[in-house]
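Novice: Have a look at this one.
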Amino acid sequence: QVQLVESGGGWVQAGGSLRLSCAASGRTFSTVAVGWFRQAPGKEREFVARIIWNGRIPAYADSVKGRFTISGDNAKNTVYLQMNSLKPEDTAVYYCAAALGRPGGYMKDYDVWGQGTQVTVSS
């Protein structure tokens, strides 16, 4: 099985930056894609970005395109989410997730989830 641990969340003023990390351990060779999702209070969990693990093909939600960058480090089994030009509406708990057998185009593709890390952006 794969285990995921997120880190890097915190508080930042609007316009600032944060970098989230998602460290994977266990049977990581079975991972097809890693995604970042977020859930704000009272809202449903939504897709933010994903990366195909071997091909490094990224995809982004329209709301973060041009501001967030997803990347991966195979040697460290870690996926990063660099978040720039943060806005108050980016405030949420951010989760990383691993898709073990499917390309990760849908939330249901993801089999393993981390515990989440809080990001708070003040105006």
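The values are calculated or read from the model by the stated rules, or taken from the named source; none is laboratory data. Note that the coordinates shown come from a computational prediction; the quantities given were computed from them, not determined experimentally. Here the Cβ positions follow ideal geometry from the backbone for every residue, glycine too, while neighbour counts run over all protein chains shown.
Novice: Determine, yes or no, whether Asn77 is at pLDDT below 95 and over 11 Å from the mean Cα position of the chain (by Cα).
Specialist: So Asn77 fits the description; yes.
Novice: Additional query: Scan the stretch 1-28 and report the pairs whose first residue is crowded, with 17+ Cβ neighbours inside 10 Å and whose second residue is of a type in the set (A, V, I, L, M) and not in a strand (DSSP E or B), with Cβ atoms within less than 7 Å and a gap of 6+ or a chain change.
Specialist: Qualifying pairs under 7 Å: Val2/Leu100; Val12/Leu86; Leu18/Leu86.
Novice: Restricting the search to the stretch 1-49, which residues are modelled with pLDDT under 95 and of a type in the set (D, E, K, R)?
Specialist: Correct list: Arg27 only.
Novice: Can you name the residue in the stretch 33-57 that is within 16 Å of Asn77 (Cα to Cα) and crowded, with 17+ Cβ neighbours inside 10 Å and, of all such residues, is nearest to the chain's Cα centre (by Cα)?
Specialist: Ranking the candidates gives Trp36 first.
Novice: Among the residues of the stretch 7-17, is any within 12 Å of the chain's Cα centre (by Cα) and farther than 16 Å from Tyr94 by Cβ?
Specialist: Within the stretch 7-17, none of the residues are within 12 Å of the chain's Cα centre (by Cα) and farther than 16 Å from Tyr94 by Cβ.
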